[in-house]
Amino acid sequence: MAPQCLTGSLTGLVPHLHKANWQTLRMDLYGHGRSARPERGYTISLFTEQIWEVLSYLRTKTGISVLGHSLGAVIAGNLVQQHPKLF
């Protein structure tokens, strides 16, 4: 399982998380995948805000875990700092 995580994508990890009864949410950050480029440029704050908006829309209150690879790990850390009650 670990080598799949080193490819820059956590896609290979998702089936293992589902087998362990974890629910997962994956999303395109602005300017990645099928998402449009942000008008104000790419920043850690922008991506953190984007994830927070999605979690707020889903009415996520507490007890979540975040996992990120590379830039995603930086964004995950920022999310934890900005919204510690979620975790």
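The values are calculated or read from the model by the stated rules, or taken from the named source; none is laboratory data. This structure is a prediction, so every number in the text was calculated from the model and none was measured. Note that we place each Cβ from the backbone using ideal geometry, even for glycine, and neighbour counts take in every protein chain shown.
Say we look at the range 7-34 and pick out the residues that are more than 21 Å from GLY77 (Cβ to Cβ) and small (Gly, Ala, Ser); which of these is farthest from the chain's Cα centre (by Cα)?
ALA20
When the residues of the range 33-42 are narrowed to those that are of a type outside the set (Gly, Ala, Ser) and exposed (fewer than 13 other Cβ atoms within 10 Å of the Cβ), which ends up nearest to SER9 (Cα to Cα)?
Per the criteria, the residue is ARG34.
Hey, can you tell me all the residues within the range 43-87 that are among the small types (Gly, Ala, Ser) and loosely packed, with under 15 Cβ neighbours inside 10 Å?
SER45, SER56, GLY63, SER65, SER70, ALA73, GLY77
Quick test for you: out of GLY72, GLY33, pick the one residue that is of a type outside the set (A, V, I, L, M, F, W, C) and modelled with pLDDT under 85.
None of the others qualify; the one that does is GLY33.
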